[in-house]
Amino acid sequence: MAAEENINKLFPVFFKLEQLRVLLIGGGNVALEKLQAIVNNAPKTKVTVVAREVFDSFKEEATKHETISIIVGEYAPHYLDDCDLVIAAVNDIPASEIIRKDAKAKGKLINVADKPELCDFYLGSIVTKGNLKLAISTNGKSPTVAKRLKEVFNELLPGELEEVLENLQQIRNKLKGDFTNKVQQLNEITKILIDEK
């Protein structure tokens, strides 16, 4: 039973973030990390930023993207009305708890920076090789370990993976038969990727 409790029970998903609206609360260094994670993965995402103070480095990044708007001022619950996801990156635990309560009351999913117990979802470390994207989660226990694993995978995975994916898509499109038959054929073809030499 104890071993089962130590299993990461998060359900991994990939959002089509450019089709969603994100509310980012905060304009400091942590908010900048969150903003960079968004624009590095889905650069056309509509992001509304609400912050009492906006650091110059944050403004500099935000102005590179026409889909990011900044409102300088206090957070208020009505900002939640026009978003699908909420990211709170404020260095204020009571304020974070209020934002989470408001988000939950409006049925919004929320990530609260550095407070795993207040999160509905985490922003994991991401490895991208063309169309291949790997998300790494430590269940909020150690972002540093996730970051180190990201570095390892970035180094280990060859740059030619995009070409492999393109070729496999062409093969997949030409396969005949039902779903099970296609899966068996693709499994046979891709076995070379894991066979030891």
Any chance K34 is touching a Ser or Thr at 6+ places or on another chain (Cβ under 8 Å), of a type in the set (D, E, K, R) and surrounded by 15 or more Cβ atoms within 10 Å (Cβ to Cβ): no
Leading residue by the ranking (modelled with the lowest pLDDT) among those in segment 148-164 that are open to solvent by 80 Å² or more (accessible area, probe 1.4 Å) and either assigned to a helix (DSSP H, G or I) or under 22 Å from E33 (Cβ atoms) (or both): E163
Selection from segment 103-147 of residues that are surrounded by 14 or more Cβ atoms within 10 Å (Cβ to Cβ), among the polar types (S, T, N, Q) and not in a strand (DSSP E or B): S137, T138, N139
Residue under evaluation R172, criteria (1) open to solvent by less than 70 Å² (accessible area, probe 1.4 Å); (2) part of a helix (DSSP H, G or I); (3) out of contact with any strand residue (DSSP E or B) (no Cβ under 9 Å at 6 or more places or on another chain); (4) not small (G, A, S), criterion not met: (1)
Verdict on V54 being touching a Gly at 6+ places or on another chain (Cβ under 6 Å), farther than 14 Å from N111 by Cβ, aliphatic (A, V, I, L, M) and in contact (Cβ under 8 Å) with a residue 12 or more places away in the chain: yes
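Okay, residues lined up against (1) part of a loop (DSSP other than H, G, I, E, B); (2) farther than 18 Å from A103 by Cα; (3) touching a Lys or Arg at 6+ places or on another chain (Cβ under 8 Å):
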position: V30; (1), (2), (3): no, yes, no
position: K59; (1), (2), (3): no, yes, no
position: E66; (1), (2), (3): yes, yes, no
position: L80; (1), (2), (3): no, no, yes
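The values are calculated or read from the model by the stated rules, or taken from the named source; none is laboratory data. Just so it is clear, the structure is predicted and the values come from calculations on it, not from any experiment. Don't worry about glycine lacking a Cβ; one is built from the backbone with ideal geometry, like all the others, and counts go over all protein chains shown. Heads up: the accessible areas ignore ligands, DNA and RNA and are worked out on the full protein's heavy atoms, side chains in. Shrake-Rupley method; radii C 1.70, N 1.55, O 1.52, S 1.80 Å.
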